[in-house]
Amino acid sequence: MELIEAIKTRRSVRAFKSDPIPKAVLEDILQTAILSPSAANLQPWEFLVVTGEPLKKLSAAFIEKSKAGETGNWEIRKGMGRAQVPEKYLARLRNLQSRNTIYQRDDPAQRVEFMRRGFSFFGAPAVIIVTMEKSLGDAHVFDLGLVTQTLCLTAVNHGLGTCIQAQGVSYPNVIREMFNIPESTIMVIAIAIGYPDFSNAANQFKSGREPLESLTTWIGF
């Protein structure tokens, strides 16, 4: 698949087939992803790839935390809330919510069910958790964004879909305890990955984008 086509066709997948992904395919995706640029070529990314029974146990632990009412902790957010987000961005969020066809936001039961599905990585057969050393600081989170983008576009080339999930690392201590990850490692983002189930209504929704003219200032043209 051509790169431009992959960029234009990539979408967040929220329903996957149960078919397992061969390890060789995941290795090929990661080998391509790590060609991404990084500041001073530090390559600050590391990956935790989980599948099978360990993934089921992780999902179950997340759901139990959620049922118990424990608040998640996305480590790179550092307490920033939407109250600090400028209005023009909140307007985009509201527009997305108004067009949402995945579940009824005014139905509490559907909202809870959608959240639980998120903690189950939407049924994906594997998840890739992108991590970095805590000591590197916030500046290198940008680099991890680059590797995540490359990873997701490469997945499209293999007929795979992805969903980038902050929710998937919202209970970082569960991940640390379950997989013996040191405190010095920060969980940055999770990527659910698998073969998309396009017969599922959750995969019929695609978000829009702002027009280029509202985002760009041209100087000297």
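The values are calculated or read from the model by the stated rules, or taken from the named source; none is laboratory data. All of these numbers come straight from a predicted model, not from anything done at the bench. Cβ placement follows ideal geometry from the backbone for every residue including glycine, while neighbour counts extend to all protein chains displayed. Please note that ligands, DNA and RNA were not included when accessible areas were found on the heavy atoms of the full protein model with its side chains. Shrake-Rupley method; radii C 1.70, N 1.55, O 1.52, S 1.80 Å.
The condition (being open to solvent by 40 Å² or more (accessible area, probe 1.4 Å), touching an Asp or Glu at 6+ places or on another chain (Cβ under 8 Å) and either of a type in the set (S, T, N, Q) or over 20 Å from residue 37 (Cα atoms) (or both)) is satisfied by just one residue among 207, 135, 184: 184. Beta carbons closer than 9 Å, at least 6 apart along the sequence or on distinct chains, pair a first residue in region 34-46 that is over 9 Å from residue 146 (Cα atoms) with a second that is open to solvent by less than 50 Å² (accessible area, probe 1.4 Å) and assigned to a loop (DSSP other than H, G, I, E, B) for 34/45; 43/36; 44/38; 45/36; 45/38. Comparison of 75, 46, 5, 27 shows that the only residue that is among the acidic types (Asp, Glu), open to solvent by 40 Å² or more (accessible area, probe 1.4 Å) and under 18 Å from the mean Cα position of the chain (by Cα) is 46.
In the set (1) farther than 27 Å from residue 131 by Cα; (2) surrounded by fewer than 14 Cβ atoms within 10 Å (Cβ to Cβ); (3) in contact (Cβ under 8 Å) with a residue 40 or more places away in the chain, residue 179 fails one condition alone, (1). Inspect region 156-169 for any residue being farther than 17 Å from residue 15 by Cβ and of a type in the set (Gly, Ala, Ser) and give the result as yes or no. Yes, some residue in region 156-169 is farther than 17 Å from residue 15 by Cβ and of a type in the set (Gly, Ala, Ser).
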